[in-house]
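Please read the structure below before turning to the comments.
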Amino acid sequence: MTMLNPADRPNLYPVLPLRDVVVFPSMIFPLLIGRPGTLAAVERAMLGDRKLLLLAQRDSNQEDPTVQDLYQVGVIASVLQTLKLPNGLIKVLVEGLERATALSFTQDSNNSFDAEAATLIITGADSLETRAHMKVGARRFREYVSLNRQLPDEVLITLSNLTEPERTADFMMAHLPLPLPKKQEALEQDSLLEQFKLINGTLEQEIEILKIERTVEGQVREKISRSQRTYYLQEQLRVIKKELGEDGDEDFTDVIAYKKRIKKAKMPKAVKDRAEEEVDKLKGMAMMSPEASVIKNYLDWLCAMPWATITKDNLDLDAAERVLEEDHFGLRKPKERILEHLAVLARVDKIKGPILCLVGPPGVGKTSLARSIARAMNRNFVRLSLGGVRDEAEIRGHRRTYIGSMPGRIIQSMKRAGSMNPVFLLDEVDKMASDFRGDPAAALLEVLDPEQNGTFSDHYLEVDFDLSQILFITTANMRHEIPLPLQDRMEVIEIHGYLRYEKLEIAKHFLIPKQLKEHGIKPGELQLTDDTIYAMIDVYTRESGVRELERTIARICRKVARETVNARGRETVILPDMLEKYIGIPPFKESMIEQGERVGTAIGLAWTSLGGDILNIQASMMKGKGTLLLTGRLGDVMKESAQAAISFLRAHGRPWGVPDEFLKGHDVHIHIPEGGTPKDGPSAGITLATALLSALTGRAVPADIAMTGEITLRGHVLPIGGLAEKIMAARRAGIKKVFVPETNRVDWFDLDEDLRSDIAVVFVDHVEQVWVEVFPPSQSPPSKRDSARAARSTAQRPL
């Protein structure tokens with residue numbers, strides 16, 4: 001589009017878009033120009049009669065405004081001066097001449113406009129009503145300037161020199177703090193009377209706002225002055241009374257309040273004396289000083305502790321046993337220990353609180369059992385999670401000299417407990433860490449020692465606090481991760497995983513009712529048969545606890561809720577063959593035992609933090625250079641067990657048909673699936689030796705036999721840990737017989753009878769006792785052809 005020369009048409013003006021500002025006639029205003037379109041408009045104006053049409057933008061964020069983005073009414077202005085700045089911008093000083101309305105626009109490729117404009121005629125300048133409004137507006141404007149410190153007094157001098165109503169209205173409107181739409185509304189008014197009405201209304205509002213601000217500022221200033229005066233007079237009074245030898249406690253409200261709280265808290269004498277010392281310090285200093293705030297915070301903590309609050313224990317053993325049975329199925333040993341504690345409490349007035357440590361895999365109910373114990377004993381319950389705690393100050397607190405210091409989490413928890421004898425759960429005690437800030441496990445030694453915790457000292461309180469009446473319960477997943485000094489102070493109770501039938505009862509009486517309630521399903525709308533629950537346990541949730549089982553039940557509830565959203569009340573019965581529809585393909589098989597050819601394969605038992613598991617240990621012989629190849633992400637200890645097994649076979653394997661130099665010209669490959677899971681520990685020694693003997697002699701190991709135990713170079717079998725979890729894994733896998741070290745006989749008979757049933761255990765103290773059972777001497781040695789076939793099949797079996 002071709003731009004016309006403004007000089008050829010007198011009423012054609014270059015358009016200068018304005019952002020966040022409205023320029024009025026007779027107003028001189030500096031503008032900063034930088035956009036290409038506005039620069040082009042200024043250049044055209046300078047080439048012509050130096051006049052521009054100033055139009056405000058509706059949206060100030062628009063970088064390249066179109067015609068629709070501009071107001072139609074603006075001001076014809078004259079360019080008084082231009083100044084090019086070093087950064088490429090141009091500063092333009094303009095003077096508003098008269099109001100104008102844009103009639104039509106033309107535009108070039110640089111998004112620059114020219115507009116044909118007509119002057120806007122203002123009416124009502126000579127009316128008496130307009131003159132009256134002008135005088136009222138002038139008086140209010142003077143009052144507004146006197147209240148507003150941001151406007152200089154020279155504004156009033158300029159106003160007094162103005163006699164024309166139109167210029168007076170424009171001048172006052174230009175100095176009022178109004179938003180752009182309001183100023184544009186005033187600019188577009190063609191009636192001078194309406195302009196003055198808008199100005200007077202605006203001035204009335206602004207004057208009221210300024211008066212309120214002045215009142216608020218005066219009140220704040222008066223309050224500060226009063227506080228300073230009060231502080232000064234209090235200091236004078238304190239000095240005067242000190243000179244007269246009088247005690248001025250009655251004049252200090254905070255001191256009186258703290259003395260009442262100290263008396264009400266019924267503190268021990270030593271603690272009370274310490275609190276009164278702090279109160280004496282408080283009354284001798286300014287209440288607004290930082291030290292006073294520290295003392296007040298300290299006194300607040302001292303007064304908030306439950307020094308004399310003790311709840312009465314429920315000594316009805318039958319009622320306590322009933323509560324424990326309602327909340328948890330099984331867990332015989334922890335329940336017996338709690339009932340024994342209550343029985344002793346019924347005979348003596350006070351005993352030192354025991355420290356129980358519940359050790360077991362996740363999901364077996366350790367944390368929830370602690371809550372049930374508190375409910376059975378009618379005690380308050382408080383829980384402190386120690387997972388990831390690595391700062392000693394978390395336990396013992398910070399010294400009061402530090403900014404923002406506060407007591408440790410033991411004292412904070414006691415404040416929440418509200419009594420001196422709660423059930424205190426220290427959760428995940430095996431997951432603490434230590435770094436340069438100290439060892440929190442060492443700080444717990446005093447807390448968990450019955451001989452010391454009666455005088456526990458927190459770094460913040462700096463007074464003895466009695467923890468001896470607390471029933472401490474700690475939980476952990478792995479016993480060997482708990483520091484030995486801590487173990488020495490605790491009575492460890494092993495909580496094993498649940499048996500198959502126990503999970504069924506837990507699901508029927510606890511998990512299913514809970515999930516039905518949470519998903520809004522009435523008991524009659526969903527039914528899970530016993531076979532269905534067993535199928536979920538066997539092939540969907542292979543775990544020691546019941547957390548995954550609960551999540552699986554929740555998945556079924558969600559599916560059923562969606563299916564019956566429009567058919568409430570309809571009964572849905574889930575059968576085993578329907579599980580795949582509701583919760584997908586089973587992640588596990590019915591049996592974890594490797595089927596088919598068993599030569600070179602033996603089943604071991606492993607312990608993990610999630611419970612027990614079985615290991616299919618495979619061994620294979622092949623031609624080579626006598627290399628031992630170990631795969632399956634084995635740890636250093638398990639690698640050493642494999643080397644010890646090979647050394648024993650080389651030294652003592654001849655009676656079993658193993659050549660002395662069986663490694664000569666052959667490689668031995670030992671593999672333990674699953675290769676992505678790290679494995680370590682010495683208890684696979686006899687399993688490794690048995691798998692090697694099977695591979696070397698071609699004799700198969702029965703599929704229903706498992707074994708566990710560490711082996712020495714002389715073939716002796718050493719004890720192992722985690723017997724309960726390993727036996728449970730064997731039962732889950734369908735094992736019929738398990739070889740266990742003789743030294744673990746005591747552990748075996750310490751297990752529940754339900755766990756010991758339906759499985760045969762053979763106690764051995766030498767590996768050859770295992771071989772006698774697995775490879776009976778009456779069995780004739782295999783022929784060379786059979787041995788070769790067995791070795792080939794073992795070597796070709798996928799590892």
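Could you grab me the full set of residues in the stretch 41-66 that are in a helix (DSSP H, G or I) and either of a type in the set (Lys, Arg) or open to solvent by less than 40 Å² (accessible area, probe 1.4 Å) (or both)?
From the stretch 41-66, those in a helix (DSSP H, G or I) are 41-47; that's our starting set.
Result: Ala41, Val42, Arg44, Ala45.
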Segments classed as strands (runs of 3 or more DSSP E), wholly inside the stretch 326-435, with at least 2 members that are open to solvent by 40 Å² or more (accessible area, probe 1.4 Å): 381-385
Some residue of the stretch 154-162 being at negative phi and modelled with pLDDT of 80 or more: no
Of residues in the stretch 116-134 being open to solvent by 50 Å² or more (accessible area, probe 1.4 Å) and of a type in the set (Asp, Glu), the one modelled with the lowest pLDDT: Asp126
Matching residues, the stretch 440-480, being among the hydroxyl-bearing types (Ser, Thr, Tyr) and not in a strand (DSSP E or B): Thr455, Tyr460, Ser468
Search result, residues across the stretch 463-478 that are open to solvent by 40 Å² or more (accessible area, probe 1.4 Å) and under 32 Å from the mean Cα position of the chain (by Cα): Met478
Residue in the stretch 574-605 that is most open to solvent (accessible area, probe 1.4 Å), counting only those that are at pLDDT below 85 and of a type in the set (Lys, Arg): Lys589
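Among the listed residues Thr708, Thr690, Thr712, which satisfies the condition of being farther than 18 Å from Ile617 by Cβ, among the polar types (S, T, N, Q) and modelled with pLDDT of 90 or more?
Thr712
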Complete set of residues in the stretch 606-619 that are modelled with pLDDT under 85, open to solvent by 10 Å² or more (accessible area, probe 1.4 Å) and either touching a Gly at 6+ places or on another chain (Cβ under 6 Å) or in a loop (DSSP other than H, G, I, E, B) (or both): Trp607, Ser609, Leu610
Considering residues of the stretch 741-799 that are of a type outside the set (D, E, K, R), in contact with a strand residue (DSSP E or B) (Cβ under 8 Å, 6 or more places away or on another chain) and in a loop (DSSP other than H, G, I, E, B) only, the residue modelled with the highest pLDDT: Ile759
Flag if Thr552 is of a type outside the set (A, V, I, L, M), over 29 Å from the mean Cα position of the chain (by Cα) and modelled with pLDDT of 85 or more: no
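Results for (1) within 22 Å of Ser372 (Cβ to Cβ); (2) in contact with a strand residue (DSSP E or B) (Cβ under 7 Å, 6 or more places away or on another chain), shown as yes or no for each residue.
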| position | (1), (2) |
| --- | --- |
| Gln452 | no, no |
| Ser457 | no, yes |
| Tyr460 | no, no |
| Phe465 | no, yes |
| Ile470 | yes, yes |
| Thr474 | yes, yes |
Count - residues of the stretch 471-506 that are of a type in the set (Phe, Trp, Tyr) and within 25 Å of Ile537 (Cβ to Cβ): 2
Residues of the stretch 556-573 classified as within 28 Å of the chain's Cα centre (by Cα) and open to solvent by 90 Å² or more (accessible area, probe 1.4 Å), total: 1
Among residues of the stretch 571-590, those that are touching a helix residue (DSSP H, G or I) at 6+ places or on another chain (Cβ under 8 Å) and part of a loop (DSSP other than H, G, I, E, B), counted: 7
Count of the stretch 676-711 residues which are open to solvent by less than 40 Å² (accessible area, probe 1.4 Å) and either over 14 Å from Val740 (Cα atoms) or in a helix (DSSP H, G or I) (or both): 19
Flag if Ile410 is closer than 29 Å to Ser544 by Cβ, β-branched (Val, Ile, Thr) and touching a residue at least 40 places away in the same chain (Cβ under 8 Å): no
Contacts under 9 angstrom Cβ, first residue in the stretch 91-110 being over 13 Å from Leu55 (Cβ atoms) and open to solvent by less than 50 Å² (accessible area, probe 1.4 Å), partner among the acidic types (Asp, Glu) and assigned to a strand (DSSP E or B), 6 or more apart: Thr106/Asp114; Thr106/Glu116; Asp108/Asp114
Thr743, sole failed condition from (1) under 23 Å from Arg479 (Cβ atoms); (2) open to solvent by less than 10 Å² (accessible area, probe 1.4 Å): (2)
Residue satisfying all of: in the stretch 298-325; without any contact (Cβ under 8 Å) to a residue 40 or more places away in the chain and under 35 Å from the mean Cα position of the chain (by Cα); surrounded by the fewest Cβ atoms within 10 Å (Cβ to Cβ) among these: Asp300
Residue count for the stretch 712-740, restricted to those that are surrounded by fewer than 19 Cβ atoms within 10 Å (Cβ to Cβ) and part of a loop (DSSP other than H, G, I, E, B): 7
Close pairs from the stretch 171-194: first open to solvent by less than 50 Å² (accessible area, probe 1.4 Å), partner of a type in the set (Phe, Trp, Tyr) and in a helix (DSSP H, G or I), Cβ under 6 Å, at least 6 apart: Met172/Phe141
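Being charged (D, E, K, R), over 30 Å from Ser419 (Cβ atoms), touching an Asp or Glu at 6+ places or on another chain (Cβ under 9 Å) and open to solvent by less than 30 Å² (accessible area, probe 1.4 Å): is that true of Glu481 here?
So Glu481 does not fit the description; no.
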Restricting the stretch 481-500 to residues that are without any contact (Cβ under 8 Å) to a residue 60 or more places away in the chain and in a helix (DSSP H, G or I), the residue that is nearest to Gly734 (Cα to Cα): Glu481
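The values are calculated or read from the model by the stated rules, or taken from the named source; none is laboratory data. All of these numbers come straight from a predicted model, not from anything done at the bench. Every residue, glycine as well, gets a Cβ built from its backbone with ideal geometry; the counts of neighbours run over all protein chains shown. We work out accessible area using only protein heavy atoms, side chains counted, and drop any ligands, DNA or RNA first. Shrake-Rupley method; radii C 1.70, N 1.55, O 1.52, S 1.80 Å.
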